[in-house]
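Report on the following structure.
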Amino acid sequence: MAEIKNFVLSDDDEIPVPFAGVYSYWLDKRGEAWAPSMSNFHLDDLEAKILPWSVIVDIQPNPFELTYRFWGTKRTALIDKDMTGKKVSDIPSSYMREGNFKEYHEVYELKKPLLCNTPVTNKIGIEVTFQSIRLPLSNERGDYSHIFSAMNYEQISASHFDYFGTNPKPYNTY
């Protein structure tokens, strides 16, 4: 399997189209701070197409633990499991569980937004990549509190669903 590739985003990077709106919103809400506060980051302000592919994780720093506060409906269809209220350690696929943990931890350590590319090989041998954006969020005191993440819905295909053994048919509007 190919290696996971994460890239720190900066204000002048070219952002994939599905992430442009949420990244611009994150930058606007951040202002001069290192990250916007969770209380100023409103999901209902984001583009409707990205919400079903989005998650928000709560961060417990010591020991480092991540719990899904919000889990989008298209992600539920993708893995056939609603992860709301569950921990990253509950992700059914060990490769995806370890990859997600690594990516979230990197965002946490760097206090920077990341563009993540996680390659997988599905059950019939086709390699596909899950591309996501991960954006740090703070609490009102400016301490780390959450991470917002969304998948690049324009890249999701039947091969991505096949990796999890799920059926894309009812959810084929990407």
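What follows draws every value from the coordinates through simple rules; no lab data is involved. Remember, it's a predicted structure, so these values are computed and weren't measured experimentally. A quick note on method: Cβ atoms are made from the backbone with ideal geometry, for glycine too, and the neighbour counts reach across all protein chains shown.
Would you mind getting me the FRET efficiency between W34 and E127? Use the beta-carbon distance for r and R0 = 30 Å, nearest 0.05. The computed FRET efficiency comes out at 0.30. Packing, taken as the mean count of other beta carbons within 10 Å per residue, orders the peptides 129-141, 83-95 from highest to lowest as 129-141, 83-95. Overall, region 5-166 carries a charge dipole of about 440 debye about its Cα centre when +1 sits on the Cβ of Lys and Arg and -1 on the Cβ of Asp and Glu, all other atoms neutral. Shape call for region 1-80 from the C-alpha gyration tensor, a ≥ b ≥ c root eigenvalues: rounded (a/c under 1.5), prolate (a/b greater than b/c) or oblate? Rounded. With respect to the chain, whose longest principal axis is taken over its alpha-carbon atoms, helix 17-30 is tilted by about 20°. Cross-link pairs exceeding 22 Å between alpha carbons, from the set K74/K112; K49/K86; K81/K123: K74/K112; K49/K86. Rounded to the nearest 10 degrees, the inclination of helix 94-110 to the longest alpha-carbon principal axis of the chain is 20 degrees. Here the chain yields Rg over Rh of 0.94, to two decimals, using C-alpha coordinates and the Kirkwood radius.
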